[in-house]
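The structure appears right after this line, and notes come after that.
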Protein chains: 2
Amino acid sequence: MINETMAILGKERSAIRELFEQGKILKEKYGKDKVYDFSLGNPNIKAPESVKNSIIKLISNDDKSSLINLHGYTSAEGDKNVRTCISKYLDSTYNAKTDPNLIYMTAGAAAALSILLKALTSSSNDEVILFAPYFPEYTVFIKNAGAKCITIKPNLSTFYPDINDFKNKITKNTSVVIVNSPNNPTGVLYKKHIIEVICNVLQEKEKEYNHPIYLISDEPYRELIYSDDAYPFITNHYDDSIITYSFSKSVSLPGERIGYILVNPLCADSKKIFNAICGAGRSLGYVCAPSLSQFIIPDILGSTSDINIYKNNANFLYNNLKSIGYDVIKPEGAFYLFVKALEDDDIKFSKKALEQNLLIVPSTSFGVKGYVRIAYCVDESQIKNAIPKFQELYKNYKY
Amino acid sequence: MINETMAILGKERSAIRELFEQGKILKEKYGKDKVYDFSLGNPNIKAPESVKNSIIKLISNDDKSSLINLHGYTSAEGDKNVRTCISKYLDSTYNAKTDPNLIYMTAGAAAALSILLKALTSSSNDEVILFAPYFPEYTVFIKNAGAKCITIKPNLSTFYPDINDFKNKITKNTSVVIVNSPNNPTGVLYKKHIIEVICNVLQEKEKEYNHPIYLISDEPYRELIYSDDAYPFITNHYDDSIITYSFSKSVSLPGERIGYILVNPLCADSKKIFNAICGAGRSLGYVCAPSLSQFIIPDILGSTSDINIYKNNANFLYNNLKSIGYDVIKPEGAFYLFVKALEDDDIKFSKKALEQNLLIVPSTSFGVKGYVRIAYCVDESQIKNAIPKFQELYKNYKY
C-alpha cells in the first residue's frame, strides 16, 4: 500500500528546496533581479572547456563499437580504465595509495552515500555519527539504511566537532562517522590537526570496542578551498576510511550525477565492503554510473571551473556583512557562509529576511539553532545588490 | 556493521552477469570470435544519429546560462519541458491522456522500479505479483522495498500468465502486479486480449478487496516489436496503472541511465503516489535523472535505433534452431529467444552449452525451469557461426 513515510518525504521537500520554491513565487511577483536567492548550492559557474572538448571528442568517434561502448552499460562498479585513471590521479596528487579495484563509480555523492550507508549498516542498532551542523540529506540516507543517527554538537568558536561530546557518544554500536570538509553549511575547512584528533579518538575507540568504526569523508567540495591550506587525504590518516566524491561542484556538473566511492585498501574487510557496496547499489536500482559522464573523467581530472569567482564572492560578502555588524564564520571553502541569526529562532529570522526578498536557509535544518546559511554560488551582481537588503535586515534588529 | 545480505548480493552477481564474466575468461582462452556470447541484454546497435546531433546542438550553445543549465540540477522530478514533451508525444502516439505533472524522470527503468516499488509498498505484508518467467532483478527491488514476492506460473503454450493461478493468488495484501511486454526473457508480446483479461481480473479483485491494486507496466522494450501488433497503452485499459520506461533499448543508451515513471492520472491517489515516488527517489539518493540525457529527449522522441537488425537476427535464429529440432517460442519483440532445454535441468543444459562456447542463460534465474534465454542483440556473424555449435549441442542429446 502507498508508503506514507515516502509520501510525506516527497511532499515536504527539504527546507532548502522549500525556500527555493518560495523564491520562484517571489521572483514572479517582484522580478528576478529584485529577489536575492541564496538558498541552493547549485553552481553558477560553467563547466571548464575540457568537459565540452571531451564530449565532442567522444561522440565524434565514428567507430561503431566505440559509439556503442560510449552509451553502453559499463560494469556495475564502473569502467575499469576510468577507475584506474582516478586512482593514478589521486595517488600522484595526494601521495595516496589507492586501488582502482576499490573504486566504485556512482551517480554523484548522494548515490554514493545512500549506497555506502546501506552497505555499512545492517540493523536499527547501528549508529551513524554526524557532526552538526551537517548536510540534512545525510539523515534521509541513514533512515533509508535503517540505522540510527547520532549528532555531535559543534565547538561554537571553530565549528569543528566538540571532541568531548564526540568521545562520549561513541558506543559499541557506532558503525560509521561522517566528516564533510570543506563543510556544508559552515564553509569551514577541517585542517590536519583536527583530522588527527578525530582519527586518534576513533583509533582508541576501535581498540576499546574491538571492531572497526568506518570514517566516511564526504568530499564534494574538495577542490573548493580559498586558502593555502589543504584538506588532508583521509586514507593517509586513518585505515578504516572511505571517501565519497562528486564532480558536481568542482567541474560544475551537478545534474550529470557523477562521482565515486573510494574504499581505503587498508580498511578492515575492504573487499567485503566493496562487495556490500556492489550489492547495495544493485539493490537500490543503480545499474551503473552514467556512461558518457564516466568516459569524460580521464580528460578532466585535475581541471576545475573558475573557482576564483567563488573566492571573490566569499570575500566580498564576508567583508560587507562583517562591516554591517553580522557575526560571520570566516569562509575557507565550499560556497557557503554561516552567519549568526539576529534572534535565537533562526526560522523566524529567515522569515524576516524573506521580507527583504533575501532567501537564506535557517540552520535548524542543519542540526544547530541560531544561524543561517548563505549559498554564494550566485551572480556577483546579486550579491552586490543584496548588501543594502542585509543592511535593512540588520536595522530591523539593532536600531 | 557491514551488511552481509548486501555483501552476498554484490558478490554473487546475477546469474546473467556471472555467465558474462565466464564468457570473458573463455574469450581470452579461445579468442573472441570463438565464443558465442548470448548472455547479456546489451544493445549492439548504435544510437540513432539524432542522439549525436542533439548532444552537439546542446553543448555548442555558447550562452553561459544555457550551459550551466545543461549540466545543472533539474527539479527532482525532472525538467518541466522534457516531461511536457514526453506527455504530448505519448498522447498523440497512443491516444492517451497523460499528465506531465505525473511523469517522474529516472536514471533508467531499474531506478524507476526500485523507486516505484518503495513508493507503493509499506510493510512486509504487502505482496507484489510477478508473472513467471520474469526479469530477475524485480525480486531484488521488491526485497529492497521490504515487500513479499508472489509468482504466477505461465501457460506453457502461450507464455502468458496462467489466469487461474493469477486469480487464486491475489489476496487482500496484493499491492502491485508487474507486467513486462515485450517480455524479457520470452520475447512474447502481451496483446490486447490478454491485457484485457488481466485488467478484468484486477478490476474484480479491486472491488472484492475494496482497495486499489496497482498494475506496473514495465516497458523498456515497447518499441522493439517485430510484428504488426502493438503493445496496448496500459493507461487506456486500467485506471490504477503506472508505466516504467527506459530509453536504454529503443535508442541504445543503456549506460546513460535515462527513463521515466508515468502515473496514470486516473489512478486512485495519483497525487499521493507521485509524492511517494519523489520521497522514495530522494530516500534512495536519486537527486535527479542525468541532465544532458534529459535534455536530448525532446529531440529523439519517436526515433529508434535500426531495430530491423534485431528482427533479422530473431528470424534467422528462430528458423535455424527450429530446423535443427529445438523447441523455440516464436519471438515477437525485445531481443530474447526462449528455448526449451534438452534436459529437465536448465542449469546443467546451460553448462553443457558452455562446452560448445555457447553462453545462454538458464531459465531458473527467471523463475521457471527447463528453458534457456538467448539474447540476440549481438553481431549477425556471431549468430551465423553459432548455428553449428547449437547443432553439436543438439547432437549431444538426440543422437
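Taken together, the values in this text are just the output of simple stated rules run on the coordinates, not laboratory data. This is a predicted model, so every value here is computed, not measured. No Cβ is skipped: glycine too gets one built from the backbone with ideal geometry, and neighbour counts run over all protein chains shown.
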Using a 7 Å Cα-to-Cβ projection, A:GLY146 label spacings across copies, nm, ascending = 0.8
With each pseudo-label sitting 7 Å past Cα toward Cβ, what's the B:ASN210-A:ALA230 distance in nm, one decimal?
-> 6.9 nm
Percent of Cα-Cα distances greater than 17 Å, calculated over the stretch A:173-218 = 37 percent
Environment charge at B:ARG83 (Cβ cut-off 13 Å; Lys +1, Arg +1, Asp -1, Glu -1) = -2
Once Rh is set to the Kirkwood radius over Cα pairs, what Stokes-Einstein translational diffusion coefficient, in µm²/s, holds for the stretch B:72-300 at a temperature of 20 °C and a viscosity of 1.002 mPa s?
-> 122 µm²/s
What list of whole percents do you get for P(r) of chain A, with Cα-Cα distances grouped in 10 Å bins up to the one holding the largest distance?
-> 5, 22, 31, 26, 13, 3, 0, 0
Take every residue in peptide B:269-277, count the Cβ atoms of other chains within 10 Å of its Cβ, and give the average of those counts.
-> 5
Per the 1/(1 + (r/R0)^6) rule, R0 = 35 Å and r from the Cβ atoms of A:TYR399 and A:ASN308, FRET efficiency to 0.05 is 0.45
Among DSSP beta bridges lying fully in the protein assembly as shown, give the percent that are antiparallel, nearest 5.
-> 50 percent
For the protein assembly as shown, the fraction of alpha-carbon pairs in successive 20 Å shells from zero, as % = 16, 48, 30, 6, 0, 0
at B:ASN236 the sorted inter-copy label distances (label 7 Å from Cα on Cβ side), in nanometres, are 6.4
Distance in Å, no decimals, from the C-alpha centre of the stretch A:293-345 to the one of the stretch B:152-196 is 55 Å
Along the principal axes of its C-alpha atoms, what lengths does the stretch B:57-182 span, in descending order and rounded to whole Å?
-> 60, 32, 23
Summarise the partner chain shielding of B:249-259 as one whole number: the mean count of Cβ atoms from other chains within 10 Å of each residue's Cβ.
-> 5
Across the identical copies, how the B:SER323 labels are spaced - nm, sorted shortest first, 7 Å along Cα→Cβ = 8.8
Any idea how far the Cα center of the stretch A:350-399 sits from the one of the stretch A:33-111, in Å?
-> 34 Å
Give me the net charge of B:ASN180's neighbourhood, meaning all other residues with Cβ under 9 Å from the Cβ of B:ASN180; Lys, Arg count +1, Asp, Glu -1.
-> -2
Relative contact order in percent for the stretch A:72-300 (Cα pairs under 8 Å, 6+ apart) equals 29 percent
Go ahead and estimate [θ] at 222 nm for chain A from helices alone: -39,500 (n - 2.57) per DSSP H run with n ≥ 4, summed, over the residue count, rounded to 500.
-> -14000 deg cm²/dmol
May I ask you to give the average projected area over all directions of the convex hull of the Cα atoms of the stretch B:308-352, in nm² rounded to one decimal?
-> 3.5 nm²
Quarter of the Cα convex hull surface for the stretch B:169-314, i.e. its orientation-mean projected area (nm²) | 10.2 nm²
Over the whole of A:70-80, what's the average partner chain Cβ count within 10 Å per residue? Rounded to a whole number, please.
-> 5
For the stretch A:207-214, Karplus couplings with θ = phi - 60° (6.51, -1.76, 1.60), whole Hz, Gly/Pro x | 5, 4, 9, 6, 7, x, 10, 7
